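Some notes on the structure that comes next.
The values are calculated or read from the model by the stated rules, or taken from the named source; none is laboratory data. Predicted model, so just to flag it, every value in this text is computed and none were measured. Note that each Cβ is placed from the backbone with ideal geometry, even for glycine, and that neighbours are counted across all protein chains shown. When the accessible area is computed, the model is the full protein with side chains, heavy atoms only, and any ligands, DNA or RNA have been set aside. Shrake-Rupley method; radii C 1.70, N 1.55, O 1.52, S 1.80 Å.
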Amino acid sequence: MVKRKAVVRLSLFRCLLPLGLLYVGLPKAYAQKTDSVAKANQLKEVHILRYRLSRQHLSPVPQQIMTAQELKRLNSLSVADALRYFSGVQLKDYGGIGGLKTVNIRSMGSNHTGVFLDGVALSNAQNGQVDLGKYALDNIEEISLLSGQNPNLLQPAKSVASASAIFLKTKTPSFDSEKHYALNTELKIGDFGLVNPNISYQQRINNNLWSSVSTSYIRANGRYKFRLTNGVFDTTAVRSNGDVERFRLQAGLFGRTKDSASWNVQAYSFLSERGLPGAIISNKFDYQQRIWDKNFFLQGNFQKRLDKFELLLNAKLAYDQTRYIDPEYIRIDGYLDNRFYEKEAYLSAALKYNVTTQWQLALASDYQLQDLDANLYRFAYPTRHSFLNAISAAYTTNRLTLQGNLLSTTIREEVQAFEAGGNKQVFSPTFLFSWKVFEDQAFRIRGFYKDIFRMPTFNDLYYTFSGNTLLRPEYTKQYDLGFTYATVFDQSRFKYLEFQADAYYNTVKDKIIAQPGANLFRWVMYNVSRVEVKGLEANVKTGIDLAKRLHLGLGFNYTYQQAIDVTDKSDESYRNQIPYIPKHSGSFLGRLDYKQWKLNYSFIYTGSRYNQRANLIYNYMQPWYTHDAALGYTFAIAKQQFEITGEVNNLLNQYYDVVPNFPMPGRNYRLTLQYRL
């Protein structure tokens, strides 16, 4: 639910004279005189509050959204931390600020989740794992999670080429008629040696051209206490090799042409050095593995409307460099020092035709080139050409939405040495609907069917020690049926109520399971021939006015998932829950606003699960939950606005593992100071 605020300015003078006489047909001198009188008699602003339905209620697919204001209220440093509060999400977190963080949506696996920054895909052909811990929240305007796909017809074909999608929207310049620039600075400090300054600046060059620059730096030693027990002894140790140092610089230019076309160009640079804290096994606490990342990309977007046509163009050039060293892995020529260089080029064109006000057709064509170089022994040096074409149609009325699309995926793979993984040509259909049952009630039934395919990654196929060119691709089918309900209360302390629930059934053929090996950089991949996933998601949001200027916001999320291996009845793991998937999980968010004060509380629960295919007691993992709280205060000094926020994370100091033998931090504190100009 979105709260809209309109500001109405009234003046005694303008109430007494007809509006037209103030601006039309009067001499210039008299007009200036009356304007000065009006300002002298101007009344205070009147604030009118009204709630309207959010677009996630209207979506034909399950959609969860967090805006910049909501993200600011979370005790989160990265996109991955924020996604924990969405239903249907399992976060794999390997500990610490710099630890690898990936998400799994509806038990489909991280590689089935597309991640898009301002509409363009963030991809990693090397291992398929988009580390969402790398993306900070300071420059994010909105995070949107869609199960299935984005129902917007005007989008790249890549947007419909995954089982679920996460859309990250960066902050774009926005000014009123008087301001020409905006500056926002923020400093976070906290436990584990955390220092995190952020600066963003926006400039209006002219009425049709804006620019923005955003930069952030984060440094932490990552040393935190954790408890270790095996049933015989219980001790407290300190996590080592979890230090991180990162720098991000993002710049953009945004424009609008005279014929109302819009465009933008953005450059992104990310540099990182971090230690990789290993598994706490056999009393081994200290590790020396390190990894360096250098990511650069340049992307552009152009959108124009031509009568009944709408055109969308996207382009991207990217270069990623990764270096991984393991001083403990001794070879004849020294210790392990792996270096990877990935290059990517991406082009997309989408065209939508509005046949009538109710009928729309769309066609999207994408081309992606991915090339991987490495210094590995007996490396294949692969190059992948991906051609995606999607044709879509939609029929929309006030109460009914019907939409379907057919995606064609063509993969052409080349290697300089040894054998390629093979070419692929796959057609993937999708159908979705939404129906408003009653004319005067905001109650909708929705559902979708989606067939999707994903290729194994370069590491799956070609990594020297674990790659296998015979590894089979994954084929998935998704079924979803749910409903949404929302209402606004005009004469009540309860301001709004929004509820959505979905039941789903997914099947995965030849599912690829990825588990960390001896360290976080080398993984073990294997196929599980058939997996069935049955689940239920429910989300509730409400707002309550407890008293004048005292507002309470509440949000609840719950997920039930049964993700079982149904490959072979004679196998001991038959109908066992697949690794890391809890049957029950949920979260609660509460926020209380009073004048300049803001109080936030959040709770996350993850039920019991197993870390191996066999659901034996030896592989059982205990449930875990965390409580986080924050208190903020906004104030002004010399007409300059400041905000200070104190946070406490893991309030009850629970020791837990998201991934076995990778302990998470206990209770910790952060302090944030923000200045806006």
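Selection within the range 185-203: residues that are surrounded by fewer than 18 Cβ atoms within 10 Å (Cβ to Cβ) and in contact with an Asp or Glu (Cβ under 9 Å, 6 or more places away or on another chain). The member of this set that is modelled with the lowest pLDDT is Gly193.
Residue-by-condition table, conditions (1) open to solvent by 50 Å² or more (accessible area, probe 1.4 Å); (2) touching a Leu at 6+ places or on another chain (Cβ under 7 Å):
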| site | (1), (2) |
| --- | --- |
| Pro582 | no, no |
| Ser587 | no, no |
| Phe603 | yes, no |
| Asn619 | no, no |
| Gln622 | yes, no |
| Thr626 | no, no |
| Leu631 | yes, yes |
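The residue that is surrounded by the most Cβ atoms within 10 Å (Cβ to Cβ), counting only those in the range 295-329 that are of a type in the set (Lys, Arg) and not in a loop (DSSP other than H, G, I, E, B), is Lys316.
Being in a loop (DSSP other than H, G, I, E, B) and touching a strand residue (DSSP E or B) at 6+ places or on another chain (Cβ under 6 Å) is the filter; apply it to the range 359-380 and report the residue that is surrounded by the most Cβ atoms within 10 Å (Cβ to Cβ).
Taking the range 359-380 first, the residues in a loop (DSSP other than H, G, I, E, B) are 375-380.
Next cut, touching a strand residue (DSSP E or B) at 6+ places or on another chain (Cβ under 6 Å) only: 375, 380.
Details: Asn375: 11, Ala380: 24.
Filtering first and then ranking leaves Ala380.
Counting the residues of the range 165-181 that are touching a residue at least 60 places away in the same chain (Cβ under 8 Å) and open to solvent by less than 60 Å² (accessible area, probe 1.4 Å) gives 4.
Of the residues that sit in the range 362-392 and are free of Cβ contacts under 8 Å to residues at least 40 places away in the same chain and over 27 Å from the mean Cα position of the chain (by Cα), which one is nearest to Trp435 (Cα to Cα)? Break it down stepwise before answering.
Taking the range 362-392 first, the residues free of Cβ contacts under 8 Å to residues at least 40 places away in the same chain are 363, 367, 369, 371, 373-375, 381, 383, 385-387, 391.
Restricting the remaining residues to those that are over 27 Å from the mean Cα position of the chain (by Cα) gives 373-375, 381, 383.
Working: Asp373: 50, Ala374: 52, Asn375: 55, Tyr381: 50, Thr383: 45 Å.
Applying the filter and picking the extreme gives Thr383.
Can you tell me which of Lys424, Lys436 is closer than 30 Å to His57 by Cβ, among the basic types (Lys, Arg) and open to solvent by less than 50 Å² (accessible area, probe 1.4 Å)? Write out each step before concluding.
Details: Lys424 fails: closer than 30 Å to His57 by Cβ.
Only one candidate qualifies: Lys436.
Per this entry, Gln612 is counted among residues that are open to solvent by 40 Å² or more (accessible area, probe 1.4 Å) and out of contact with any strand residue (DSSP E or B) (no Cβ under 8 Å at 6 or more places or on another chain). Restricting attention to the range 431-484 and to residues that are part of a strand (DSSP E or B) and among the aliphatic types (A, V, I, L, M), the residue that is modelled with the lowest pLDDT turns out to be Ile452. Of the residues making up the range 343-358, those that are open to solvent by 30 Å² or more (accessible area, probe 1.4 Å), among the polar types (S, T, N, Q) and in a strand (DSSP E or B) number 0.
When the range 631-655 is filtered for residues that are within 24 Å of the chain's Cα centre (by Cα) and either closer than 23 Å to Phe226 by Cβ or of a type in the set (Asp, Glu) (or both), the ones remaining, listed by number, are Glu647, Val648, Asn649, Asn650.
Selection of the range 580-630 for residues being part of a strand (DSSP E or B) and polar (S, T, N, Q) yields Ser585, Ser587, Asn600, Ser602, Thr606, Thr626.
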